[in-house]
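Chemist: Can you read through this structure? Questions will come right after.
What follows is calculated from the coordinates using simple rules that are stated; it is not laboratory data. Just so you know, these numbers come straight off a predicted model, no measurement behind them. Neighbour counts run over all protein chains shown; Cβ positions are idealised from the backbone, glycine included.
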Amino acid sequence: MATVADSQHFAQGTAFHFFELRAPSEFQGSSFVYRRFTSPPLEMAALPTSEALAARQHRIQRRSSSVLVAVAIGSFAYFAGIPFAFSLVTGIRAPAPAGSSRGVGQFKLGRRAAATETAATEVVEEEGEQFEFQAEVGRVMDIIVNSLYSNKDVFLRELVSNSADACDKKRFLALTEGDAEPEPMNLRISTDKEARTLTIEDNGVGMLKEELQENLGRIARSGTANFVKELKSGESDVSLIGQFGVGFYSAFLVATKIEVYSRSFKATPEEQKTWKWTSTGGSYSLKEEPDVQLFGLQSGTKIVLTLREEAQEYLDSGKLSDLVKRYSEFITFPIELWNEKVQYDQVVDESAPKKEGDKPKMKSVPRSVFEWEVMNKMKPIWLRNPDVVNESEYTEFYKTTFKAFDEPLSVTHFKVEGQIEFRALVFIPSTMPFELTRDMFSAEGRAMRLYVKRVFINDKFEDLIPRWLTFARGVVDSEDLPLNVGREILQKSRTLKIIRKRVVRKVLDSIDELREKSPAKYENFWNSYGKYFKVGLVEDMDYKDELKRFVRFWSSKSGDNMTSLDEYVGRMQEGQDKIYFVTGEGKRAAEISPAMEKMRLKGYEVLYMVDPLDEICSQSIVDFDGKKMVDINKAGLDLSKNEDEKKEMEDMQKEYEGLATWLKKQLGERVQKVAISDRLVDSPATLVQGEWGMSPMMQRYMKSQTTSSASDSAFAIGSRNQAILEINPSHNVIKGIKKMMESTPDSPETEDMVMMIYETAALIGGYNIEDPGDFAKRVTKLMESNSEYFAGGSGGGSGDVDAEVVS
């Protein structure tokens, strides 16, 4: 009798075999029962005794290492969030997460433990030869139908691509091997609402019986792929994309049953037979079908899908028309859809009054007719040489493809050859696309369309172009892009980086050409898309230096036009080594900034940053052409001074040092410190920020982004403490306050004067004052005390005037 030690000894060398130990009375003879869970159905087997275990142990140990490797890979895949990959590697079905769905159109697949390299088992039945899918198909099918595709619409793209490839292959074989001229090739799509079937048919190369079994009986096995491998590299320009493999099985997303009828172009006249391949997912049958009609005279393939109950939307010709135009609009061969049309016949109007000699009155009577309508009339002009495409063709393509009403501002059409090959056609719209008017980075506003061999893949890939080119519309067509098997996810790779780099380089070159040759068009471009380039300066370090050349700002010397950094540098005064800018909410606010007084006196040009994005952008630019960007409203502004000016400034600082200390004590936490200024001419005082402080415009912007009142309070205290009050010692007001400090430092009038200096500096600098009511009272009191017209009048008391502040 086998012991527990025997069972442990056996279990150590056996993976995924779980034993069910029973009481001694339940043992049957010299064996005990174990359950094997490796493959359904659940099997029961008898465990041999100790004498037989030694021989079996040697065989088990040879398999154990490979099993452990499979377990390790499968476990990693499962915990990485790829349960179906876990199933594929280990043979154990990974449990679905709680509350999750197995996907669209779940169906059961028979799983067999047959070796993966063996051919499909044939079972002859009355209706034809019956085959089981190979062992790996049962596991991979579940992945394809339930996990591989996120959008079931793509099944039509895959099947149409296969049909187009079949036509391509037939044309190639006819030119290289055949004697007969191939018939005109096209694709046809039709529906039968009563039978709930969708049919995709082509008169391409077709398949022999062996090819049907080989190509459709094995997942990811492709006649197309093998055909391409047989072609010598570089000696042919045949373009094939689809595969009768994974793409073909996407049909199970919407179908419960697939029937494939095919007649091969390669068959001899004696072998010209039509074969029928049928599958419902678990197995497939294959038999001759002599009575089926194919529209191709020489060869062809017809795929008939019996749709699921929930997939009846694909019986609607409007839905099919939209999908064909979206995914397969630029397929080389005509795609015809069996569509209903309304025609009007002219018949005699029997109800109309009749007069002798008059012609009978006619009326129009509608009549429904069905006819083949070509869906893909637009040609892929990006495949043509740019030298032979005229402007009107580009405009027509732009308006038709991207549903636009404006003219393109610029067109970039180029081809890249070498290790990586692709073609691109990029348009810059002359007006902001509607989808981007509310959200400048809306996903719906992305329209850089990715094609692989003229088959549309997606237009929402974020890595194809940088975020700051979201407004661009265009096409990128490449064979080399690394897509996932479902062709829905663009993988990060060196190829993608090269394509992205080349596209961005060409777009920037076209905009640079606008800037140099068409200033009016460039101004239109900047007014529409300038903010995108400023965002690019902040976000994209790879193109930071490139984008500096394009940005434009208002300037103290540019008048009604914006200026570039390059133009600013060209106008700099001799000896000027910095690019000066000032912030303000609007051009006028920047112009009246107190710090501008000294800049105007010295004749320095100053850029106006009139938007929070401008200020962020200026911090990112840092310098241009070796000239550092300097905010004239920040502490530490260093303006070139001669020796006399330096000596005069040192004397002023010594004289007014006491006043600065006293003002800081009076103002308390309202300011960080009080300093003597050399940037003021006409103003008595100004508020500036420390080197790392934010302007009042930026403070308001950042505060608007917070959500809690606690955050607001903390932010307000932190930003207020950075403010520095700079006073102008040459101004009469500052001289007057110095005398008041020395004579009556504690009087109400002195206190009011200190607050007036602070609040006027805050207002003109763009800051908000704490209490507008108190400020209004102080202004009123000041007017009364300094005007003879108010003396002795009613309400002449110095502190009795109440001001109503209307917000």
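Chemist: Per-residue counts of other Cβ atoms within 10 Å, averaged by peptide: what ranking do you get for 426-432, 202-208, highest first?
Modeler: Numbers: 426-432: 20.1, 202-208: 27.3.
Answer by packing, highest mean first, reads 202-208, 426-432.
Chemist: Now for a separate question. Can you list the GluC sites (Glu not before Pro) in region 281-359 that are in a DSSP coil and have 15 or fewer other beta carbons within 10 angstrom?
Modeler: Values: sites: E288, E309, E310, E313, E329, E336, E340, E350, E356; in loops: E329, E350, E356.
Passing sites in region 281-359 are E350, E356.
Chemist: When ranked by the protection proxy of mean other Cβ atoms within 10 Å per residue, highest first, what sequence do the peptides 587-599, 265-277 form? Display every interim value, and only then the final one.
Modeler: Numbers: 587-599: 18.7, 265-277: 15.5.
Going from most to least packed, we get 587-599, 265-277.
Chemist: Does region 650-770 classify as rounded, prolate or oblate by the C-alpha gyration tensor (a ≥ b ≥ c root eigenvalues; a/c under 1.5 gives rounded; else a/b over b/c gives prolate, otherwise oblate)? Write down the numbers at each step before the final one.
Modeler: On the way: a/c = 2.35, a/b = 1.82, b/c = 1.29.
Prolate is the answer for region 650-770, as a/c is 1.5 or above and a/b outweighs b/c.
Chemist: Would you list, by chain and number, the lysines whose Cα falls below 20 Å from the Cα of K193, excluding same-chain residues fewer than 8 positions away?
Modeler: Answer for K193, where 20 Å is the Cα cut-off: K152, K257, K302, K319, K341, listed by chain and number.
Chemist: Give the shape of region 574-696 as rounded, prolate or oblate, defined through the alpha-carbon gyration tensor: a ≥ b ≥ c are the square roots of its eigenvalues, a/c under 1.5 means rounded, and otherwise the shape is prolate if a/b is larger than b/c and oblate if not. Before the final figure, lay out each step's value.
Modeler: Details: a/c = 1.93, a/b = 1.31, b/c = 1.48.
Oblate.
Chemist: Hey, another quick one. If we count other beta carbons within 10 Å of each Cβ, what is the order of V452, V569, V374, fewest first? Spell out each step's value before the answer.
Modeler: Working: V452 19, V569 15, V374 10.
The most exposed by this proxy come first: V374, V569, V452.
Chemist: To continue, here is another question. Going by Cα centres, region 499-574 and region 401-462 are how many Å apart?
Modeler: Centre-to-centre distance over Cα atoms comes out at 21 Å.
Chemist: Let me ask you something else. Under 1.5 on a/c is rounded, so check that first for region 551-632, then, if it is not, pick prolate when a/b is larger than b/c and oblate when it is not; a ≥ b ≥ c are the square roots of the alpha carbon gyration tensor eigenvalues. The partial results should precede the final answer.
Modeler: On the way: a/c = 1.41, a/b = 1.08, b/c = 1.30.
Taking the square roots of the gyration eigenvalues as a ≥ b ≥ c, region 551-632 is rounded.
Chemist: Do any trypsin sites (Lys or Arg not before Pro) in region 603-703 lie in a DSSP loop with no more than 16 other beta carbon atoms within 10 Å, and if so, which? Intermediate values should be presented prior to the final figure.
Modeler: On the way: sites: K627, K628, K634, K641, K646, K647, K654, K664, K665, R670, K673, R679, R700, K703; in loops: K641, R679.
Sites meeting the loop and neighbour criteria: K641.
Chemist: Using r as the Cβ-Cβ distance of E657 and E523, and R0 as 56 Å, what FRET efficiency do you calculate, to the nearest 0.05? Working shown, then result.
Modeler: Details: r = 51 Å, r/R0 = 0.91.
Efficiency, rounded to the nearest 0.05: 0.65.
Chemist: Taking 35 Å as R0, compute the FRET efficiency from the Cβ-Cβ separation of R571 and E539 and round it to 0.05. Display every interim value, and only then the final one.
Modeler: Numbers: r = 30 Å, r/R0 = 0.84.
Computed FRET efficiency for R571 and E539: 0.75.
Chemist: Oh, and also: Need the list of aspartates and glutamates near K703 for cross-linking: C-alpha distance under 13 angstrom, and skip anything on the same chain fewer than eight residues off.
Modeler: Reachable aspartates and glutamates: D712.
Chemist: Ordered by residue, what ³J(HN,Hα) values in Hz, to whole numbers, does region 310-316 give under the Karplus form 6.51 cos²θ - 1.76 cosθ + 1.60, where θ = phi - 60° and Gly and Pro are x?
Modeler: 7, 10, 6, 4, 7, 8, 7
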